[in-house]
């Protein structure tokens, strides 16, 4: 289009100069709320300190600002293409993969011996967050390599590690997770890709995989799929699934690469995050696709679940990062755009829209989502770090807490990210619906997160039906103790007292509801027990984020009366917003969860017309 | 892309065969709930009956199925283009405009003398709904001509009517609403397009308009803008705005067309409903743009508001129509897709996903939005019909009710339509995020409705600050009496009693909250009064839709035990869903509205970083 004379600000439109996350907030969470420096007491982390952490984050921000953000819109408008049987991606991806590899961004959490930097997950995940806020599509590529290589590292043989890890870490090769099939998405136990053992030790793989993120592209030399398949004769269902390394090109003993009968069948065109290709992969059309078993036969799902738990936390970070980018894009607009007059004033000049209470409400909503989510995600990352360096009961405790919070850490940012990016659009009015501004981009992009790595419904069932039920609520009780500790601390601070009481009351009601629902489960009324698990997860999520806001409020109120008072005051306002506008949502949710209705079970197919 | 071997059903993918609305439900609302036949007691409508109404709706459905639906995706993928200073649209639009004109779809509500069919708005709006559900972008063109011609008909001189109406009605010309300017979107009082009187009687127009829907395109011979401008020397603000007819080509006395110095400056690229162009229009660059004053000088906004009220109801219908299309697209998928096993069952075969309670919940949510919205919109249309045929106090009563409900009828379907189409995506899982299926299209499209024709925030302030406040709640009391009548009827039906009580209690709380807020207004605390007007509107909306569901439930429960029991039972299930899952949302909203927090007023610009 031609340049319109409509509202336009160089700052608002120029993406590379636009803020996409708050460094101050990230430091606040890492250093003040979660006190990452305390990790240095453990030998594994002892070489790190505040300075080294901040250097890593600054380097990540530089790469993001200089290389990722400038191609954000290009990657969306000129989406990857399927040409002559291969997928072409943005030409910068080749350099970017190299940069991700060279900078150690793919494997920084690994031990020094393994070529890593022994970086805490709190920092590694913070870099995911920064990359994602700059350009989510571009950030997906290295993250997938990290996930795939982690599986090889954890379950592979020394020979497998030697063949694949180096090139995955240095960005020359791309790793993927090849799980989904046309008839097996959420239901992984139903996959049908087959693996036939051979005398040479490898397996012959045959089948189709869909929705494979970065499943093929020309930014790397080779693609390494971590693929689920069923060994011929294996038990049906999820107990007969094994995990294989299936490279597109297979390295022979001399390190030369030959074609491994992995065909790219096509590319899926998506609504958002178009810059990362999602491929359809066909293996074994010529009966010459070799797969290398990793871990034990028929234990593939167990291996995969380790990676999936990490991926779920990562999805939470991704969702929060997109919401962050949208928040700052809309904030900048609200500071530059004049429209109407603030209620009760009558000036000739229009007011900046950031003076309107409803606009401030929309900004507070977004910020409460972004920073509430990020706080929970950091809490989870801290647990993940502590799992690495502790042992015995202490380790089990962190593992259990991490497992319990994972469905929330994945789903709350994902679901709320859709609403938050929608609110960013609303802040811009008509301009928000146009491609001239970024919020519509983030709105389309955010919508994937409630779907991939397990839909929200699946996480609801995981939380209520598995994580809480499996130990008769023992882990839940540990979590309640954690939350109660925060509530007690906050109750001692006059300005937080009311919020603390509020959260405490809500937590009690949540526990009552949990017990009532669990009773149904124990009585074998499984459908009634789980039919509203999605709503249960939503309720649980609001309470957990309330806990995180109280934690942040505690620190911010201690920090007041020093420097940066505008930041801490803003924190406290956002906390207040959360307790006045978001926490009350549990009232309606709990009412529904306590209702005796069985309408969603009773209604049948024929009633829907 | 190549054809993937992934899940695919001809029915699901073939849009022209896909159901996009429920004829049965439309008939249920028109004939059973709102008894449209009773309009025939008024001479203006006496020639119509059930048969003629249904014929009109069937003809509309045929046109929609045959001509509109087949180009739905094409219009999205090959969006209008700006070529050599003009906008090119889908080549079928020329024939379609002709078809809209020939079929009388643009002016059917007009009197026979004016060339119309004296069609009730209930039917005219039902045709909007059907067209919109088939292809919202295509439906926008004729609707804009209807709005523009209505203004000329209401306020124009006989000569103006003679010059413009015929070609707007027959689809040869396109009408538009040219209100928005770069610095005056929501704040119409700030427009700066100027109009200079001339001795010849016309005005010279100069200025820029943006976001003009169908503001230029090659599907018609001429474009007729109904444009707001400020006559030189007019008072500042909204009291100095006048309304003009500004054609792109002006007809001379002999009926020949000459260029009127109306330039197309560009096209805005949008996230959704891409098939309808949104133009940037520049007038008077060569000082030769003639505008013809319509209505009184400086009374332009009053004229425009008449049209805008109609347009707001229409936006409600549009939003509901998109949600309807998404509902049926996702319903069909849920009936065809197998995945996982229903909780508590263990079969070798996967279950259809429509057997999962959470999927049924997602379908019920969508249906409760679509049919609840449509019911309210029909209620409003009925009021609009009664305004036409009644007089005196009766007429004033219907006018007042229509005015009070308009912000709800615009905003509830718009806001909920975004969530409802999002839920349609979720029903499809990963496929929902791809362009192979329709829900993502509807999700992008739905997002415009909370923005155009007044953002949701503006409607919140309109409801609380104007519509309720202007007569000290007199109209609100009339509405409450209407709702109470429905509640009393329902209370007498055993199966509805609990819902009736629920709605009554909620209504009482809403009234209390209204009084508390209004008190703030009367005390001059305007910002506190209006700061949560958006939430007030949301709460009000849920109560109103609850009223509509109780109305529908009353009729459905009477109809049970006859034919079509699956339909009526489905209605009752959806009503139950609404009362158990949606009405409770008022609890949290009312809690926030009653809170004494002033955080959205107190927080200032500097706190947001």
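Throughout, read-outs are computed from the coordinates displayed, never taken from laboratory work. The shown structure was predicted, so the numbers you read here are calculated from the model rather than taken from an experiment. No Cβ is skipped: glycine too gets one built from the backbone with ideal geometry, and neighbour counts run over all protein chains shown.
For a protection proxy built on the mean count of beta-carbon atoms within 10 angstrom, sort A:538-551, A:365-378 highest first, please.
A:365-378, A:538-551
What angle, in degrees between 0 and 90 and rounded to the nearest 10, separates the Cα long axis of helix A:392-427 from the longest principal axis of the Cα atoms of chain A?
The helix A:392-427 is inclined about 70 degrees to chain A.
Take the Cβ-Cβ distance between residue A:81 and residue A:302 as r, set R0 to 41 Å, and report the resulting FRET efficiency rounded to the nearest 0.05.
The computed FRET efficiency comes out at 0.65.
Per-residue mean of other chain beta-carbon atoms within 10 angstrom of the beta-carbon, peptide A:187-200?
Shielding by partners across A:187-200 averages 1.
When DSSP assigns beta bridges and you keep just the ones with both residues in chain B, what percent turn out antiparallel, to the nearest 5?
Taking every DSSP beta bridge within chain B, about 80 percent pair in antiparallel fashion.
May I ask you to derive the relative contact order of chain B, considering only C-alpha pairs under 8 Å and at least 6 residues apart, and to give it as an integer percent?
The value is 12 percent.
Please compute the average number of Cβ atoms from other chains found within 10 Å of each residue's Cβ in peptide A:418-430.
Per residue, the average neighbour count from other chains is 4.
For the range B:172-298, what is the percent of antiparallel DSSP beta bridges, rounded to the nearest 5? It would help to have the intermediate numbers written out before the result.
Numbers: 29 of 37 bridges.
Within the range B:172-298, antiparallel bridges account for around 80 percent of the total.
For helix A:497-522, what angle does its Cα long axis make with the longest principal axis of chain A, in degrees from 0 to 90 and rounded to 10?
Here the helix axis deviates by roughly 40 degrees.
How much length would be gained if the chain were fully extended between residue B:236 and residue B:257, taking 0.36 nm per residue of separation minus their Cα-Cα distance, in nm to one decimal?
4.1 nm
Take residue B:102 and residue B:494, extend 7 Å from each Cα along the Cα→Cβ direction, and tell me the distance between the two endpoints in nm.
So the label points at residue B:102 and residue B:494 sit 5.8 nm apart.
Residue B:562 label points, 7 Å along Cα→Cβ, one per copy: pairwise distances from this copy to the rest in nm, shortest first?
7.4
Whole Å is fine, so just give me how far the alpha carbon centre of the range B:91-150 lies from that of the range A:534-569.
53 Å
What FRET efficiency comes out for residue A:35 versus residue A:336 if R0 is 51 angstrom and r is the Cβ-Cβ distance? Round to the nearest 0.05. Can you show the working numbers first?
Values: r = 37 Å, r/R0 = 0.73.
So the FRET efficiency works out to roughly 0.85.
Under 1.5 on a/c is rounded, so check that first for the range A:174-298, then, if it is not, pick prolate when a/b is larger than b/c and oblate when it is not; a ≥ b ≥ c are the square roots of the alpha carbon gyration tensor eigenvalues.
Numbers: a/c = 2.04, a/b = 1.12, b/c = 1.81.
Since a/c reaches 1.5 but b/c is at least a/b, the shape of the range A:174-298 is classed as oblate.
How far apart are the residue A:253 label points across copies, placing each 7 Å from Cα toward Cβ, in nm, shortest first?
Copy-to-copy label distances for residue A:253: 10.2 nm.
Across the residues of B:445-456, average count of Cβ atoms on other protein chains within 10 Å?
Partner-chain Cβ atoms within 10 Å, mean over residues of B:445-456: 3.
Points 7 angstrom from Cα along the Cβ direction at residue B:199 and residue B:563: gap in nanometres?
Label at residue B:199, label at residue B:563, 7.4 nm between them.
Helix B:121-155 against the longest principal axis of chain B: what's the angle in degrees, Cα atoms only, rounded to the nearest 10?
40 degrees
Take the alpha-carbon centre of the range B:417-451, take the same for the range B:190-264, and report the distance between them in whole Å.
37 Å
Measuring from a point 7 Å out along Cα→Cβ, what nm distances, shortest first, does residue B:522 have to its partners in the other copies?
5.4
Go ahead and estimate [θ] at 222 nm for chain A from helices alone: -39,500 (n - 2.57) per DSSP H run with n ≥ 4, summed, over the residue count, rounded to 500.
Value at 222 nm, helices only, nearest 500: -17000 deg cm²/dmol.
Can you say what percent of the DSSP beta bridges in the protein assembly as shown, counting only those with both residues inside, are antiparallel? Round to 5.
80 percent
With the cut-off at 1.5 for a/c, could you classify the range A:227-321 from its C-alpha gyration tensor as rounded, prolate or oblate?
oblate
Which length gain, in nm to one decimal place, applies between residue A:46 and residue A:114 when the Cα-Cα distance is subtracted from 0.36 nm times their residue separation?
Working it through step by step, the gained length comes to 22.8 nm.
Gap in Å between the Cα centre of the range B:575-609 and the Cα centre of the range A:341-359?
Centre-to-centre (Cα) distance: 22 Å.
What distance in nm separates the simple spin-label points at residue B:520 and residue B:347, each placed 7 Å from Cα in the Cβ direction?
Inter-label distance under the simple model: 5.5 nm.
From the square roots a ≥ b ≥ c of the eigenvalues of the alpha-carbon gyration tensor of the protein assembly as shown, which class results: rounded (a/c under 1.5), prolate (a/b over b/c), or oblate?
Prolate.
Rounded to the nearest angstrom and ordered from largest down, what semi-axes does the equivalent ellipsoid of chain B get from its C-alpha gyration tensor (root of 5λ)?
They are 38, 30, 25 Å, listed largest first.
Report the FRET efficiency, 1/(1 + (r/R0)^6), for residue B:24 and residue B:154, where r is their Cβ-Cβ distance and R0 is 30 Å, rounded to 0.05.
Values: r = 36 Å, r/R0 = 1.20.
Using R0 = 30 Å, I get an efficiency of 0.25.
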